[in-house]
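Student: Pasting a structure here, questions to come.
The values are calculated or read from the model by the stated rules, or taken from the named source; none is laboratory data. Note that this is a predicted model, so its numbers are computed, not measured. All Cβ positions, glycine included, derive from the backbone under ideal geometry; neighbour counts span all protein chains shown. For accessibility, only protein heavy atoms count, side chains too; no ligands or nucleic acids. Shrake-Rupley method; radii C 1.70, N 1.55, O 1.52, S 1.80 Å.
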Amino acid sequence: MQQSKTLKEIAEYLGGTVRGDGAVRVGGLAPLETAGPDTITFLANHKYATKVAETKAGAVLMAPGNEAYGRNVVEVANPYLGFAKLLTLFYTSPHPGLGILPESNVGTGVTLGEGISIYPGACVGNNVTIGARTVIHSGAVIYEGAVIGDDCVVHANAVIRERCRLGNRVIIQPGAVIGSDGFGYAPDGRGYYRIPQIGIVVLEDDVEVGANTTVDRAALEVTLVKQGTKLDNLVQVAHNCQIGRDCMIVSQVGISGSTKVGDHVTLAGQVGVAGHLTIGDNVMVGAKSGVPNSLAANAGYSGYPAQPHKEWLKSMAVVANLPALKKTVSSLEKRIAELEEQLKK
């Protein structure tokens, strides 16, 4: 944790303004219910606004125009973003460079930047390049010829396969695998012949990969995840995919091979995407949706098969009424049958 900051300093850091005593000092964050006089809390959801009156926090981070209830306030346009930035300010400090620690295994021809840390049990292959201030944690394995940029973190038991490339400020969570073989097999009439996967994976700057997520290497060229995209835990990105900038790919999403995902796309939890599709920019796909066809840009989709979200809502309204509709149809069928019998007489 960093040293305490005055509310004036915090407001300047966040680009906000102080309402109250700017000289008050706080040294961390806490929820509204448990915050004390030496911490700052935050109000990101208006339905909790009345709790501001009860909090014992030294200050409250909130959007302009909210009732302060006599509390010191730091006003910012986006309190949730401000909360994230304060967590960084108070609880995230630069990692001291520890160098190559005993019981790590570093191969030959390795290029290391200044201030790196390679922890015991990590394994770095031959001809690897690791940028400045990057941290390789215990149990991580970096295969031969991989390139990792500056200020990256590769957590325990993650794997970066041969020749794959990571940009700057990339974070790989525990157990993730970058560059595993793509699922490629050619039927030979009796079984399946394994297709060598000779391409690589490229993760651009500021990409983050969640725990136990896998990004498969391309069969021939590059599986690409562009700048700023975040992959949650347990995501599968198949070979030859291209994922655009600043996408949010949520837990248990599966993206089949050779699919292209545009910029600023959100795929919610457990979305399944078929192969060789194109998903346009600014698309949002709801949880558990199945995507068998390409999706046009700047729209929201839900359901299986995925359809425009408003159409899916209409469909779901009908589904909820199916028992009553079935009863009505059965009654009408019975009445029709009775009328037909009467006409026969």
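Student: Testing Ser315 on (1) exposed (fewer than 14 other Cβ atoms within 10 Å of the Cβ); (2) among the polar types (S, T, N, Q); (3) touching a helix residue (DSSP H, G or I) at 6+ places or on another chain (Cβ under 7 Å), one condition comes back false. Which one is that?
Tutor: All conditions are met except number (3).
Student: Mind checking which residues of segment 182-208 are in contact (Cβ under 8 Å) with a residue 40 or more places away in the chain, in contact with an Asp or Glu (Cβ under 9 Å, 6 or more places away or on another chain) and aliphatic (A, V, I, L, M)?
Tutor: Residue satisfying the conditions is Val201 alone.
Student: Could we say that Ala156 is surrounded by 18 or more Cβ atoms within 10 Å (Cβ to Cβ), without any contact (Cβ under 8 Å) to a residue 40 or more places away in the chain and at negative phi here?
Tutor: On the way: surrounded by 18 or more Cβ atoms within 10 Å (Cβ to Cβ): no; without any contact (Cβ under 8 Å) to a residue 40 or more places away in the chain: yes; at negative phi: yes.
When the stated conditions are applied, Ala156 does not pass them.
Student: Filter segment 89-104 for residues that are open to solvent by 70 Å² or more (accessible area, probe 1.4 Å) and part of a helix (DSSP H, G or I) and give the result.
Tutor: Tyr91
Student: For segment 60-72, indicate whether the set of residues that are among the β-branched types (Val, Ile, Thr), surrounded by 14 or more Cβ atoms within 10 Å (Cβ to Cβ), in the same structural domain as Phe83 (by the TED database) and at pLDDT 95 or above is non-empty. It would help to see each step written out before you state the result.
Tutor: At the first step, the residues of segment 60-72 found to be among the β-branched types (Val, Ile, Thr) are 60.
From what's left, surrounded by 14 or more Cβ atoms within 10 Å (Cβ to Cβ): 60.
Adding the requirement that they be in the same structural domain as Phe83 (by the TED database) leaves 60.
Next, from what is left, pick out any that are at pLDDT 95 or above: 60.
Yes, segment 60-72 contains a residue that is among the β-branched types (Val, Ile, Thr), surrounded by 14 or more Cβ atoms within 10 Å (Cβ to Cβ), in the same structural domain as Phe83 (by the TED database) and at pLDDT 95 or above.
Student: Taking only pairs six or more apart or across chains, which ones have beta-carbon atoms under 6 Å, a first residue in segment 140-153 that is farther than 19 Å from Gly121 by Cα, and a second residue that is open to solvent by 40 Å² or more (accessible area, probe 1.4 Å) and among the hydroxyl-bearing types (Ser, Thr, Tyr)?
Tutor: If the second residue must be open to solvent by 40 Å² or more (accessible area, probe 1.4 Å) and among the hydroxyl-bearing types (Ser, Thr, Tyr), the pairs left are Val147/Thr129.
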